[in-house]
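Quick one: this structure, given as structure tokens, is what I'll be asking you about.
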Amino acid sequence: GYHHGTEMNKKIYQIGSSANQFNATTENDLTKKNITPLGGFPHYGVVGEDYLMVKGCVVGPKKRVLTLRKSLAVHTKRLALEKVSLKFIDTSSKFGHGRFQTKEEKNRFLGVRKTAAEKT
């Protein structure tokens, strides 16, 4: 039922901390950026707490609490034992056609816009 749904063998890509402001920076992509995409995640918003990045999908609504536990079986397959190294984390907007990774990159490309000029 609802409280006993089990999914096996989810691979954890990254465990992120809210204390680190630039938690989407990797060894290959040195852009200082946060894990939250521009405009926030659809139907969730801004990630302000610690997070867990998992391979694939997880069932249920975006804000459903998940219970994780250590696997009972010993993993011996090569796919399960390989070390994960993230090269790039996409932080472009998830609404529409997002193409900018950071707000600074967007402002550099588009230049001064009407809303920014009115604020000054």
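Quick one: dipole size for segment 47-111, taken about the Cα centre, charges +1 on Lys/Arg Cβ and -1 on Asp/Glu Cβ, in debye to the nearest 20.
240
Turning to a different aspect of this structure: Using amide H atoms built in the peptide plane, which far-off residues or other-chain residues are under 5 Å from Lys11 H to H?
Distant-sequence amide H within range of Lys11: Lys55.
Among Leu79, Phe95, Val65, whose Cα sits farthest toward the positive end of the charge dipole of segment 57-105 (+1 at Cβ of Lys/Arg, -1 at Cβ of Asp/Glu, about the Cα centre)?
Of Leu79, Phe95, Val65, it is Val65.
Here's a follow-up. If each residue of separation counts as 0.36 nm, what is the full-extension length gain between Phe22 and Ala117 once their alpha-carbon separation is subtracted?
The Phe22-Ala117 span can extend by a further 31.4 nm.
Cα-based Rg (one decimal) and Dmax (whole number) for segment 19-120, in Å?
Considering segment 19-120 through its Cα atoms, Rg and Dmax are 17.8, 60 Å.
Collect residues whose amide H, placed 1.01 Å from N in the peptide plane, falls under 5 Å from the amide H of Leu52; neighbours closer than 5 in sequence don't count.
Hits under the 5 Å cutoff: Gly16.
Please give the contour-minus-distance gain from Met8 to Lys32: 0.36 nm per residue of separation, less the Cα-Cα distance, rounded to one decimal in nm.
Net length gain for the segment: 5.3 nm.
Suppose the chain between Lys77 and Cys57 were pulled fully straight at 0.36 nm per residue; how much longer would it get relative to their current alpha carbon spacing?
Here the segment from Lys77 to Cys57 would lengthen by 5.1 nm.
Where a number appears in this text, it was derived from the coordinates with a stated rule and is not lab data. Quick caveat, the model's predicted, so the values are computed rather than measured. Quick reminder, even Gly has a Cβ in these numbers, built from the backbone with ideal geometry, and neighbours come from all protein chains shown.
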